[in-house]
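**Q** Here it is, the structure, as structure tokens.
The values are calculated or read from the model by the stated rules, or taken from the named source; none is laboratory data. Note that the coordinates shown come from a computational prediction; the quantities given were computed from them, not determined experimentally. Quick reminder, even Gly has a Cβ in these numbers, built from the backbone with ideal geometry, and neighbours come from all protein chains shown. Calculation scope for accessible area: heavy atoms of the full protein, side chains included, ligands and nucleic acids excluded. Shrake-Rupley method; radii C 1.70, N 1.55, O 1.52, S 1.80 Å.
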Amino acid sequence: VISMKKYQVENKCQLITTNFPTMDECEFWAEFSKQHISTDETLPVSIFWIDKQFRNVYANKHALNGINAPAKEVIGQTPYNYLPPEIADSIIDTIKFVQETNEQLISEHITTDYISGNVEYWETTISPLHHSETGELIGFYSASINITPEKKPEESITELDGIATQLVQEMNSLMNSYRIKMLYN
């Protein structure tokens, strides 16, 4: 039986350790952390770093606030540990697609805010991350931005279009029945 060593790198921002199956992965995330954590913590975007086992290596404060969960319940966990199964399925399916195609994917999705219960629209970009020397896929970078303010006007226009279409149909129906009455008279 071969025992697998678990290597750890400490996420300096969240102060939570994450285990990695290989030293290469551990070193990759340590270096990635040095290069990105200060920027990713300041952005008003939900950011997750995800390893090949679909576990979160990092989640910025904006992401943690958005899912209303402390870092200790998110880091080292898959989405199934803190999200409803249908949302977790969608996230994992998207990451698997990026893994298979090895290309960045930008998608829109609709969620319900955990705190307010309001419907929100999000645009998410998931990119594959590769080891700079070996080219091996190490994980994924996910960035989501709330686009609800941009989508609400579209939603309103769609609703108004539906109302206008219904009014036109009712007017046509009234006019047709009036025409039929006129023909009989």
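**Q** Can you confirm whether the stretch 53-67 contains a residue that is in contact with a helix residue (DSSP H, G or I) (Cβ under 8 Å, 6 or more places away or on another chain) and over 18 Å from ASP40 (Cβ atoms)?
**A** Yes, the stretch 53-67 contains a residue that is in contact with a helix residue (DSSP H, G or I) (Cβ under 8 Å, 6 or more places away or on another chain) and over 18 Å from ASP40 (Cβ atoms).
**Q** Determine if the stretch 16-37 includes at least one residue that is part of a strand (DSSP E or B), surrounded by 18 or more Cβ atoms within 10 Å (Cβ to Cβ) and at pLDDT 90 or above.
**A** No, the stretch 16-37 has no match at all.
**Q** Can you pull out the residues in the stretch 44-95 that are of a type in the set (Phe, Trp, Tyr), part of a strand (DSSP E or B) and farther than 20 Å from ILE106 by Cβ?
**A** Matches in the stretch 44-95: TYR58 only.
**Q** Condition check: open to solvent by less than 80 Å² (accessible area, probe 1.4 Å) and in contact with an Asp or Glu (Cβ under 9 Å, 6 or more places away or on another chain). Does GLU120 satisfy that? Step through it out loud before you land on a result.
**A** Details: open to solvent by less than 80 Å² (accessible area, probe 1.4 Å): yes; in contact with an Asp or Glu (Cβ under 9 Å, 6 or more places away or on another chain): yes.
In short, yes.
**Q** Restricting to the stretch 42-77, name every residue that is crowded, with 16+ Cβ neighbours inside 10 Å, out of contact with any Ser or Thr (no Cβ under 9 Å at 6 or more places or on another chain) and aliphatic (A, V, I, L, M).
**A** Those that are crowded, with 16+ Cβ neighbours inside 10 Å, out of contact with any Ser or Thr (no Cβ under 9 Å at 6 or more places or on another chain) and aliphatic (A, V, I, L, M): ALA69, ALA71, VAL74.
**Q** Now for a separate question. Say whether the condition of being surrounded by 15 or more Cβ atoms within 10 Å (Cβ to Cβ), at pLDDT 90 or above and more than 14 Å from the chain's Cα centre (by Cα) is met by at least one residue in the stretch 79-95.
**A** The answer is no, given that none of the residues of the stretch 79-95 is surrounded by 15 or more Cβ atoms within 10 Å (Cβ to Cβ), at pLDDT 90 or above and more than 14 Å from the chain's Cα centre (by Cα).
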